[in-house]
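Student: I have a structure I would like to understand better, so I am pasting it below and will then ask my questions one at a time.
Where a number appears in this text, it was derived from the coordinates with a stated rule and is not lab data. Predicted model only: the values in this text are computed from it and were never measured. Reconstructed Cβ throughout: ideal geometry from the backbone, glycine too, with neighbour counts over all protein chains shown.
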């Protein structure tokens, strides 16, 4: 499936750390979701509301729980920058906190 990828996917250190803590079946499901997202990031993800309008979110269901992939999209560079991965509960609060500690990646908004 990787030959179909249209966008590169990069991860923040917060997203990498969060992903490492997950069980293997969930990590595999998220990997599949990211591969699919890389082929259609605007069609599958939704733009967030204020104050997170520069980000998008993709939803994944696993064992009855909703999981979120919070990402920034740079269509010109064809890059998806995954800011955070986590369960729906308190996700958007955690996403706001993660944004404040991000380096400038030059991805634009």
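Student: Could you sort 77-83, 49-55 so that the peptide with the highest average Cβ count within 10 Å comes first and the rest follow in order?
Tutor: Numbers: 77-83: 19.9, 49-55: 12.7.
For the peptides 77-83, 49-55, the packing ranking is 77-83, 49-55.
Student: Between residue 10 and residue 31, with labels modelled 7 Å along Cα→Cβ, what's the label distance in nm to one decimal, could you check?
Tutor: 2.2 nm
Student: Along each of its three principal axes, how wide is the spread of alpha-carbon positions in the chain, in whole angstrom units, largest first?
Tutor: Between the extreme Cα coordinates on each principal axis of the chain lie 34, 34, 23 Å.
Student: Along Cα→Cβ, 7 Å out, is where each label goes; now give me the distance between the ones at residue 66 and residue 21 in nm to one decimal.
Tutor: About 2.0 nm separates the two model spin labels.
Student: So, in nm, how far is label residue 100 from label residue 46 when the simple model puts each one 7 Å beyond its Cα toward the Cβ?
Tutor: 2.6 nm
Student: Rounded to the nearest 500, what is the chain's calculated 222 nm mean residue ellipticity when only DSSP H runs of at least 4 contribute -39500 (n - 2.57) each, over all residues? Can you show the working numbers first?
Tutor: On the way: 4 runs with 36 residues, N = 109.
Roughly -9500 deg cm²/dmol at 222 nm, from the helical runs in the chain.
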